[in-house]
Each structure stands twice: as C-alpha cells, then as structure tokens.
Amino acid sequence: MPNKIERLVKEIVAEVCNTNSSKSYCRVSAKKISNKHNFKLDLPIDTISLYDIFASVEDRFYLNIKEAVAKKITTVDDLIECVECQY
C-alpha cells in the first residue's frame, strides 16, 4: 500500500500527464503509475512537463528541488525519494 507521499506524487504526475497531453489515448491514472516508471520512456512526459511536475511537487510539499538533483531524477521512485529526503 502506497504511503501518503507516494500517493500524492503519483497524483501530481498523472495530473500533469493528463493536462499536457492532447491525446486521449495518453490518459494516465495515478493508480497505474509504477514507482519504476521512467518519466521520458514510460510516460507521456516531455522536459517541460517534467519541470511542471517538479514545480507542482515543490508547491505541494513546500520544498525546493535543486537543479543538480532534478537532473538526476529519471523515475517516479527517484522523485518520491527526493521528496521523502526533504519532507
């Protein structure tokens, strides 16, 4: 069972995916997002959408993801760990 941080991060990822994708077949459910999903390979995420996700996570959890750290985040799990380390 996902913890609160994991659930909220996945909800943010799904929201950004669904907001930034004009293709109805690209709709993503937070429940179907795996921690192992790679943002660029497994999800309909481009670089701008990824930074939208980071900004939303920063706003939701009142934290700052440094640029050097952001460059290393490639999976949903990486982002969850980043939040858990700062939250």
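Derivation of every value follows stated rules applied to the coordinates shown; laboratory data play no part. All values derive from a computational prediction rather than experimental measurement. Counting neighbours? That spans all protein chains shown, and the Cβs are built from the backbone with ideal geometry, glycine included.
Cβ separations smaller than 8 Å between residues 6+ apart or across chains give the following pairs from the stretch 59-71 residues that are without any contact (Cβ under 8 Å) to a residue 60 or more places away in the chain and surrounded by 15 or more Cβ atoms within 10 Å (Cβ to Cβ) to residues that are of a type in the set (A, V, I, L, M, F, W, C) and assigned to a loop (DSSP other than H, G, I, E, B): Ile65/Ile73. Before we move on, is Thr47 free of Cβ contacts under 8 Å to residues at least 60 places away in the same chain and surrounded by fewer than 13 Cβ atoms within 10 Å (Cβ to Cβ)? In short, yes. Evaluation of Ile80 against the conditions (1) touching an Asp or Glu at 6+ places or on another chain (Cβ under 9 Å); (2) at positive phi shows that the sole unmet condition is (2). Test Ser56 against the stated conditions and say whether it is surrounded by 15 or more Cβ atoms within 10 Å (Cβ to Cβ) and among the hydroxyl-bearing types (Ser, Thr, Tyr). In short, yes.
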